[in-house]
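Scroll down for the structure; my scribbles are underneath it.
The values are calculated or read from the model by the stated rules, or taken from the named source; none is laboratory data. The shown structure was predicted, so the numbers you read here are calculated from the model rather than taken from an experiment. Here Cβ is always computed from backbone atoms with ideal geometry, including for glycine, and neighbour counts include all displayed protein chains. With ligands, DNA and RNA removed, areas are computed over all heavy atoms of the protein, side chains included. Shrake-Rupley method; radii C 1.70, N 1.55, O 1.52, S 1.80 Å.
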Amino acid sequence: QVQLVESGGGLVQPGGSLKLSCVVSGSITSIYSLGWYRQAPGQAREVVTFITSGGSTHYIDSVKGRFTISRDDAKKTVYLQMNNLKPEDTAVYYCSAETSNKYYWGKGTLVTVSS
């Protein structure tokens, strides 16, 4: 079992920045990758970015150059630094962990980008 707890969401103006955190606990050694997904109102959940156990990172095109995923293994935390935020980034952001047989999810944190 893996437990994930996100924090750091909030209201920010367009062009602003936020940093999300996700504390990971449980069977950490079974994790292949950690990632961030988001779900906007009325839309399906989509992957935003993920980082593999080897440190490779991947981003969807709409956030490349603006978002950065990182992890601190000592703190058992994965981060999502979001810069130059746009209204279309408004969504609930979920932390995810991929293991050999399932995905685990946090409860999400709301990010609202509005003036």
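At-a-glance table
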| read-out | value |
| --- | --- |
| Complete set of residues in the stretch 31-54 that are open to solvent by 60 Å² or more (accessible area, probe 1.4 Å) and among the charged types (D, E, K, R) | 45, 46 |
| Sole residue being outside any strand (DSSP E or B) and either basic (Lys, Arg) or in contact (Cβ under 8 Å) with a residue 60 or more places away in the chain (or both), chosen from 16, 65, 42 | 16 |
| Any hit, the stretch 55-65, residues being basic (Lys, Arg), more than 15 Å from residue 9 (Cβ to Cβ) and either surrounded by fewer than 13 Cβ atoms within 10 Å (Cβ to Cβ) or out of contact with any Leu (no Cβ under 6 Å at 6 or more places or on another chain) (or both) | yes |
| Flag for residue 105 being open to solvent by less than 20 Å² (accessible area, probe 1.4 Å) and out of contact with any Gly (no Cβ under 6 Å at 6 or more places or on another chain) | no |
| Any hit, the stretch 79-91, residues being in contact with a Leu (Cβ under 9 Å, 6 or more places away or on another chain), assigned to a loop (DSSP other than H, G, I, E, B) and open to solvent by 70 Å² or more (accessible area, probe 1.4 Å) | no |
| Candidate set from the stretch 1-13 (those that are part of a strand (DSSP E or B) and open to solvent by 50 Å² or more (accessible area, probe 1.4 Å)); member that is farthest from residue 82 (Cα to Cα) | 3 |
